[in-house]
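**Q** Below is a structure I'd like to ask you about.
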Amino acid sequence: MKILVFGHSGQVATELRALEGDDIQITALARADADLTDPAAWAAAISAHAPDAVINAAAYTAVDKAESDAETAQIINADAPAAMARACAARDIPFVFISTDYVFSGAGDTPWAPVDPTDPQGVYGRTKRDGEVAIVKAGGRYAVLRTSWVVSAHGNNFVKTMLRLGAEREALTIVADQIGGPTGAAEIAQACIKIAKTLVFEPEKSGIYHFSGAPDTSWADFARAIFDAAKIPCAVTDIPSSDYPTPAKRPLNSRLDCTTTEAAFGISRPDWRASLSHILTQLDFPKD
């Protein structure tokens, strides 16, 4: 199976490239291969490579920067995926789009279901939601996979930030009123491949799905788990989000109901503690 991946060095794209094997041929396109701000170039790449499925692992993920760079975020997160979806629909091949919990308001404490109304509170969430709408409208075989709190041994993410700061400081204050499921990029990549394969033979399973790590936790408790597993003696003090203002509003409730993903594809929520252990091993933690 030939899978074309948009994105090359990001967290999920890196893990997708690692999954190449005898039955899966991965072609991952970097920015030099397909201009992130030129949707037509992305659609042309699909025609040129003639894949069996497409996974979009490229996105504008600088949540705070997006607030002052909305036009670029809209092109990368909405316009380009829309062009990809139309190109895939024209060829009747599956298109998998990685989306986010930021499409929801973040209110309440009930896990968000795929059918719940979206209500993004910032540019990043709004542009990803616009991308979702365009993909559904394209009418092809597709899966929108919303996830949250992506972590890995690659790129910039919460685990790597905590490891760096924990080594530098004796104590940290971490937000404790934002709740969600940390999700390993490796597990997201595996889910995307399985979903793409399924859609080749079962196009009726096209739709919007959720996928996040379990159990749900707070950023503060996640930090404590990181320090415990890495054997870093850094104390964590809980603070509310109001004590850590950012340009973009973070959702307080990032819990995702993933039951339909398991029902359709047999993909259960991964234990983020196992994902964390694997990431720390890759990063050579705990240090001797």
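**Q** Residues in the stretch 70-95 that are over 30 Å from Pro247 (Cβ atoms) and of a type outside the set (D, E, K, R): how many? Even if it seems obvious, please write down each step before you answer.
**A** We begin by selecting, within the stretch 70-95, every residue over 30 Å from Pro247 (Cβ atoms); these are 86-95.
Those left that are additionally of a type outside the set (D, E, K, R): 87-90, 93-95.
So the count comes out to 7.
Residues are listed down the side, and each one gets a yes or a no for (1) modelled with pLDDT under 95; (2) closer than 22 Å to Ile279 by Cα; (3) among the aromatic types (Phe, Trp, Tyr):
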site: Gly181; (1), (2), (3): no, yes, no
site: Ala189; (1), (2), (3): no, yes, no
site: Ile195; (1), (2), (3): no, no, no
site: Phe201; (1), (2), (3): no, no, yes
site: Ser206; (1), (2), (3): no, no, no
site: Ala220; (1), (2), (3): no, yes, no
site: Phe227; (1), (2), (3): no, yes, yes
site: Ile232; (1), (2), (3): no, yes, no
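**Q** Here is a further query. Based on this model, can you work out whether Thr37 counts as hydroxyl-bearing (Ser, Thr, Tyr) and modelled with pLDDT of 95 or more?
**A** no
**Q** Between residues in the stretch 98-123 that are free of Cβ contacts under 8 Å to residues at least 40 places away in the same chain and residues that are hydroxyl-bearing (Ser, Thr, Tyr), which pairs lie under 7 Å by C-beta distance while being six or more apart or on different chains?
**A** Taking only residues 6 or more apart or on different chains, the pairs are Asp119/Ser105; Pro120/Tyr102.
**Q** Hey, can you tell me all the residues within the stretch 30-60 that are in contact with a strand residue (DSSP E or B) (Cβ under 9 Å, 6 or more places away or on another chain) and surrounded by 22 or more Cβ atoms within 10 Å (Cβ to Cβ)?
**A** Matches in the stretch 30-60: Ala34, Trp42, Ile46, Pro51, Ala53, Val54, Ile55, Asn56, Ala57, Ala58, Ala59.
**Q** Related question: For the stretch 203-243, give me each residue that is surrounded by fewer than 18 Cβ atoms within 10 Å (Cβ to Cβ), part of a loop (DSSP other than H, G, I, E, B) and charged (D, E, K, R).
**A** Lys231
**Q** Any chance you could count how many residues in the stretch 95-112 are touching a Cys at 6+ places or on another chain (Cβ under 7 Å) and not in a strand (DSSP E or B)?
**A** 0
**Q** Look at the stretch 179-202 and say how many of its residues are in a strand (DSSP E or B) and more than 23 Å from His8 (Cα to Cα).
**A** Total satisfying the criteria: 2.
**Q** Of the residues that make up the stretch 6-29, is at least one surrounded by 19 or more Cβ atoms within 10 Å (Cβ to Cβ), more than 17 Å from the chain's Cα centre (by Cα) and part of a helix (DSSP H, G or I)?
**A** Looking for residues that are surrounded by 19 or more Cβ atoms within 10 Å (Cβ to Cβ), more than 17 Å from the chain's Cα centre (by Cα) and part of a helix (DSSP H, G or I), one finds none in the stretch 6-29, hence no.
**Q** What are the pairs with Cβ atoms under 7 angstrom where one residue, in the stretch 233-249, is among the charged types (D, E, K, R) and the other, located anywhere, is surrounded by 13 or more Cβ atoms within 10 Å (Cβ to Cβ) and not in a strand (DSSP E or B)? Sequence gap at least six, or different chains.
**A** Taking only residues 6 or more apart or on different chains, the pairs are Asp238/Ala176; Asp238/Ala220; Lys249/Gln121; Lys249/Gly122.
**Q** Right, another one. Residues of the stretch 65-78 being in a helix (DSSP H, G or I) and either exposed (fewer than 15 other Cβ atoms within 10 Å of the Cβ) or more than 22 Å from the chain's Cα centre (by Cα) (or both), which ones?
**A** Once the filter is applied, which keeps residues that are in a helix (DSSP H, G or I) and either exposed (fewer than 15 other Cβ atoms within 10 Å of the Cβ) or more than 22 Å from the chain's Cα centre (by Cα) (or both), the stretch 65-78 yields only Glu71.
**Q** Determine whether the stretch 106-125 contains at least one residue that is among the small types (Gly, Ala, Ser), in contact with a Pro (Cβ under 6 Å, 6 or more places away or on another chain), farther than 24 Å from Ala196 by Cα and crowded, with 21+ Cβ neighbours inside 10 Å.
**A** yes
**Q** Also, quick follow-up: Just to be sure before I move on: is Val175 of a type in the set (Val, Ile, Thr), touching a residue at least 12 places away in the same chain (Cβ under 8 Å) and buried (at least 18 other Cβ atoms within 10 Å of the Cβ) in the structure I sent?
**A** Answer is yes for this residue.
**Q** Select from the stretch 186-210 the residues that are closer than 19 Å to Val115 by Cα and of a type in the set (Phe, Trp, Tyr) and list them in ascending order.
**A** Residue satisfying the conditions is Tyr209 alone.
**Q** Take the stretch 98-118 and flag every residue that is of a type outside the set (A, V, I, L, M, F, W, C) and within 18 Å of the chain's Cα centre (by Cα).
**A** Ser99, Thr100, Asp101, Tyr102, Ser105, Gly106, Pro111, Pro114, Thr118
**Q** Also, quick follow-up: Which residues, taken from the stretch 144-178, are within 30 Å of Val115 (Cβ to Cβ), part of a strand (DSSP E or B) and over 13 Å from the mean Cα position of the chain (by Cα)?
**A** Val175
**Q** Something else about it: What number of residues within the stretch 260-288 are among the β-branched types (Val, Ile, Thr), free of Cβ contacts under 8 Å to residues at least 40 places away in the same chain and under 25 Å from Ser99 (Cα atoms)?
**A** Residues that pass the stated criteria total 0.
The values are calculated or read from the model by the stated rules, or taken from the named source; none is laboratory data. These figures come from a predicted structure and were not determined experimentally. FYI the Cβ positions are ideal-geometry reconstructions off the backbone, even for glycines, and counts take in every protein chain you see.
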